[in-house]
Amino acid sequence: MADPKEIEQLREDLELVTKTAKVLATKLEKIAQNIDQIFSTLDTLSTLSSTQTSIPPPKATKPSPTSQPTPRPKPQPSATVDFQAGTDSKATRLLDDFLSKLQVLNTGSDISEALSGLRDQVMQASSKGFHPAFHEMGRYANQLKNQDIIPPEEKEALIEKVYDWKTRLVD
């Protein structure tokens with residue numbers, strides 16, 4: 001037979017473990033709610049950016065007192081897209097070339113293949129080594145790989161992303 005003191009100690013330990021489990025469950029529930037809220041916000045932002053009809057202006061630089069910021073031109077479907085003033089680095093030229101190709105590519109597999117090639121070439125041309133933009137390029141390529149015809153809104157979002165990558169990689 002077990003000692004009564006030992007049984008009492010086991011009950012106290014069990015009560016302590018139960019209280020700790022309840023506290024942890026409450027904290028995990030709060031964390032899950034925060035994660036759900038973050039995903040909801042990201043979904044909302046993604047929806048807003050995909051329905052947006054104009055491309056946001058480029059990253060702000062120090063303007064001269066007499067100049068007004070120049071908004072990034074909206075690409076025309078039949079025109080060759082060119083980035084706003086930037087460096088003439090090989091990575092910049094590769095990104096510009098990709099935007100030109102993107103105007104004629106329509107299937108997800110074609111765009112995915114071109115984007116994967118772009119990522120590999122820019123990685124080799126860039127002096128940055130690893131950069132998060134390279135991971136994003138690969139992720140976009142994987143998302144598009146199995147899609148048929150890419151809708152214009154999705155192409156527009158990809159064009160905006162390319163502008164973003166260029167800004168981040170050149171700066």
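Some observations on this one:
- Single residue of THR70, THR44 found to be at pLDDT below 65 and β-branched (Val, Ile, Thr): THR70
- Contact map, the range 136-160: first residue in a loop (DSSP other than H, G, I, E, B), second residue surrounded by fewer than 16 Cβ atoms within 10 Å (Cβ to Cβ), Cβ cut-off under 8 Å, separation 6 or more or different chains; pairs are LYS145/SER109; ASN146/SER109; GLN147/THR107; GLN147/SER109; ASP148/THR107; ILE150/ASN106; ILE150/THR107.
- Residue in the range 108-123 that is part of a loop (DSSP other than H, G, I, E, B) and surrounded by 15 or more Cβ atoms within 10 Å (Cβ to Cβ) present: no
The values are calculated or read from the model by the stated rules, or taken from the named source; none is laboratory data. Quick caveat: nothing in here was measured; it's all calculated off a predicted structure. No Cβ is skipped: glycine too gets one built from the backbone with ideal geometry, and neighbour counts run over all protein chains shown.
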